[in-house]
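A.B. asks: First the structure, then my questions, so here it is.
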Amino acid sequence: MTACPVRPRTALEGEADPMSEDHRVPAQPPPERPGAGAEHDWWQTGVVYEIYPRSFADSNGDGIGDLAGITAHLDHLAGQPDSLGVDAVWLSPFYPSPDHDFGYDVADYLGVNPKYGSLADFERLVEGCHRRGMKVVIDLVLNHSSSEHPWFQASRTSRSDPYADWYIWRDSPGRSVTGRRRSPNNWRSWFGGSAWTWDEVRGQFYYHTFLPQQPDLNWRNPAVREALLNVVETWLDRGVDGFRMDVFNVFFKDAQLRSNPRRVGGRGAWSWQRHLHDRNQPELHDLLSQLRSIVDTRPGRMTVGELFDGMLADAAQLIAPRHLVFDFSLIGVPWSAAAFTRTLAARDAVFGTERWPANVLSNHDQPRHASRFAPPGDGAAGSTEGDARAKVAAVLLLTMRGTPFLYYGEEIALRNLSIPKAQAFDPPARRANFLFRWWNRDQARGPMPWRAGPGAGFSAGRPWLPLPSEAATRNVERQAADPDSVLNTYRRLLALRSATPALQVGSQHLVATSDADVLGYVRRAGDDAALVLLNFARRPASIALPKDGSREPWRAAFSTRDRAPGDMLGDEVALAPLEGLVATRA
């Protein structure tokens, strides 16, 4: 390890001790699956599946998903002939939390929220994943803690406390003409209003990028850095295979806390500033290198970073010192072959051939892509065309260059829930106004429908969010029995990807097509090649295949429509409406 050693620290009262017996989980790495070559790591060849624990499966009937519920459904993901076939699970936060932001306000970095189970439940989950050949990636929320974390409670009691400088505190520079205390600078909270909240106990403002209940930690304090890196070490000791680093590019703020320049235009108060001083600070690179050096001491471990409010170029720049960085550029693309062609061209130009993007179409913060891409009138229950589009989107996500991250439920084309703002659980959604435009994230966090009947197989009790209205007809059990379902489309695609090195690690070259509604690209890895053609239109399309000098014909390996595997493709390919086609030369 080239990083400075991380010393065990004494836990505050109320926080779990990282060295206690209750916090030890034996590290049992999963068996390695055959990959595309020893020169590539599992996080390049594999597929990751995000689980929002609260909504995946409830084992005890309290209406809230939990770790034991996840363990009970691991065969859906891997280990059986009819499993989905993913290589890793990513768990959204399961730590003790007052749930002002549903786990992203952490009150104990080393414990398990009793709502989700115990550390023993986590141990069984890790063992179950590893036994099925899956890795385990967990969310680390290290930019901020809960305001109920013992660190913050100690920090606010006294300016001379050992934890006094663990958060970002500042005096008020004075009062306004109306007598109100002025904030230390003009920084805004992402969730609306000032990023500074006055604390009567300490008599100072504290800084929070997000909710007032999520105070930002002071990464410039060596003790904070040591404690948080110790969190990383502890979870590695427990057998975790990787981390999703939440909003990592805002860990550091400008040392002088200079105000951000104003910006004209944009939607909402956050976008009325140029965020030069509250994110992407130069000190970040040294920290990322240190994090990487810690993780790299454990073979096969990885990190994937969430870039907060960043652009495609920012993501590419920050990949080098990390393993992966999420590229969210795909999430904003409309249902259009031309739009996706432009986005893929921009990605290829920015990432090049060395950087490795993490690809995502849906997650816990964004509307589900089955709803985003659906035709008008699709509705919560879905439609035949909506499912056909979801299949084409699956081909795109699972064949383009980079590591695919699936979001639970997308394998059955689960749609957004319909939840009025007045009934929202999502705290930011309840705060939304014309200055803070925010959608209700509850809509993308609905309970997973496993089968028809009461509770949809999710819970024997009343679910914390309403069940999807289409749960009786759109569920895992029903789609498993339908060879043409979205679920079986994902299963076949994942099997093809696992057996095709070009789709896992190959280069990517866009193909110029004669039809604006068709997106095409070729993936190559050594002698292995794959051609991908995606028809985004409701009408048939005819495409001239690219000439590449090969004497071997392309043969259909996969199609979302009625096309027999192995069929030889001629110089012209007739695509059915909304067909996703993968061809190989094997």
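A.B. asks: Working out 0.36 nm times the residue gap between A338 and R431, then minus their Cα-Cα distance, what length gain in nm do you get to one decimal? Each step should come with its number before you reach the end.
C.D. replies: Numbers: separation 93, 0.36 × 93 = 33.48 nm, distance 3.63 nm.
29.9 nm is the gain from fully extending A338 to R431.
A.B. asks: Continuing with this model, one more query. Using R₀ = 35 Å, calculate the FRET efficiency as 1/(1 + (r/R₀)^6) where r is the Cβ-Cβ separation of E477 and R182; round to 0.05.
C.D. replies: Working: r = 59 Å, r/R0 = 1.70.
Efficiency for this residue pair is about 0.05.
A.B. asks: Using only Cα atoms, find the angle between the long axis of helix 486-499 and the longest principal axis of the chain, and express it within 0 to 90 degrees, rounded to the nearest 10.
C.D. replies: Helix 486-499 sits roughly 90 degrees off the main axis of the chain.
A.B. asks: For the chain, take the longest principal axis of its alpha carbons; what is the angle in degrees between that and the long axis of helix 337-351, to the nearest 10 within 0 to 90?
C.D. replies: 60
A.B. asks: Now for a separate question. Among the trypsin sites (Lys or Arg not before Pro) in the range 353-400, which ones are in a DSSP loop with at most 12 other Cβ atoms within 10 Å of the Cβ? Mind listing them? List each step's numbers first, then the result.
C.D. replies: Numbers: sites: R355, R368, R372, R389, K391; in loops: R355, R368.
Qualifying residues, ordered by number: none.
A.B. asks: Tabulate in residue order the Karplus-calculated ³J(HN,Hα) for the range 255-268, using 6.51 cos²θ - 1.76 cosθ + 1.60 with θ = phi - 60°, rounded to whole Hz; enter x for Gly and Pro.
C.D. replies: 4, 8, 6, 5, 5, 7, x, 6, 9, 8, x, x, 9, x
A.B. asks: Counting pairs of Cα atoms in the chain, how many percent are more than 33 Å apart? Don't skip to the answer; put the middle values down first.
C.D. replies: On the way: 76232 of 171405 pairs.
So the portion of pairs separated by more than 33 Å is 44 percent.
A.B. asks: Let me ask something else. Can you tell me, using C-alpha contacts under 8 Å and at least 6 residues apart, the relative contact order of the chain as a whole percent?
C.D. replies: Working: 1267 pairs, mean separation 77.0, N = 586.
Normalised by residue count, the contact order of the chain is 13 percent.
A.B. asks: I've got another one for you. Once you order the gyration tensor axes a ≥ b ≥ c over the Cα atoms, which shape class does the range 507-584 get: rounded for a/c under 1.5, otherwise prolate or oblate by comparing a/b with b/c? All intermediate terms of the calculation are to be shown ahead of the outcome.
C.D. replies: Values: a/c = 1.69, a/b = 1.36, b/c = 1.24.
The shape class here is prolate.
A.B. asks: With label points built 7 Å along Cα→Cβ from the Cα atoms of A255 and S469, find their separation and express it in nm.
C.D. replies: 5.7
A.B. asks: Evaluate E = 1/(1 + (r/R0)^6) for D237 and D161, where r is the Cβ-Cβ distance and R0 equals 35 Å; express this FRET efficiency to the nearest 0.05. Kindly include the intermediate steps, with their values, before the conclusion.
C.D. replies: On the way: r = 29 Å, r/R0 = 0.83.
Calculated transfer efficiency: 0.75.
A.B. asks: Quick one: go through the range 546-563 and flag any residue whose amide nitrogen is under 20 Å from the point 7 Å out along the Cα-to-Cβ line of D527.
C.D. replies: 548-557
A.B. asks: To continue, here is another question. If you count the DSSP beta bridges with both ends in the chain, what percent of them are antiparallel, to the nearest 5? Let's see the in-between values first.
C.D. replies: On the way: 38 of 65 bridges.
In the chain, DSSP labels about 60 percent of beta bridges as antiparallel.
A.B. asks: Starting from 0.36 nm per residue, how many nanometres of slack lie between D571 and A154 once their C-alpha separation is accounted for? All intermediate terms of the calculation are to be shown ahead of the outcome.
C.D. replies: Details: separation 417, 0.36 × 417 = 150.12 nm, distance 7.14 nm.
Contour length minus Cα-Cα distance gives 143.0 nm.
A.B. asks: How far apart, in nm, are the 7 Å Cα→Cβ label points at S271 and S118?
C.D. replies: Roughly 4.9 nm, to one decimal.
A.B. asks: Return the inverse of the average 1/r over all pairs of distinct C-alpha atoms in the range 193-272, which is the Kirkwood hydrodynamic radius, in Å to one decimal. It would help to have the intermediate numbers written out before the result.
C.D. replies: On the way: mean 1/r = 0.0645 Å⁻¹.
Result for the range 193-272, one decimal place: 15.5 Å.
A.B. asks: In addition: Taking the simple approach of a point 7 Å from Cα along Cα-to-Cβ for both K547 and W198, what is their distance in nm?
C.D. replies: 7.6
A.B. asks: Next question, about the same structure. At 0.36 nm per residue, minus the direct Cα-Cα distance, what do S418 and R170 gain on full extension? Give it in nm, one decimal, please.
C.D. replies: Going from the current span to full extension adds 85.1 nm.
Taken together, the values in this text are just the output of simple stated rules run on the coordinates, not laboratory data. Here the structure is a predicted model, which is why all the values come from computation and not from measurement. Virtual Cβ from ideal backbone geometry, glycine too; neighbours counted across all protein chains shown.
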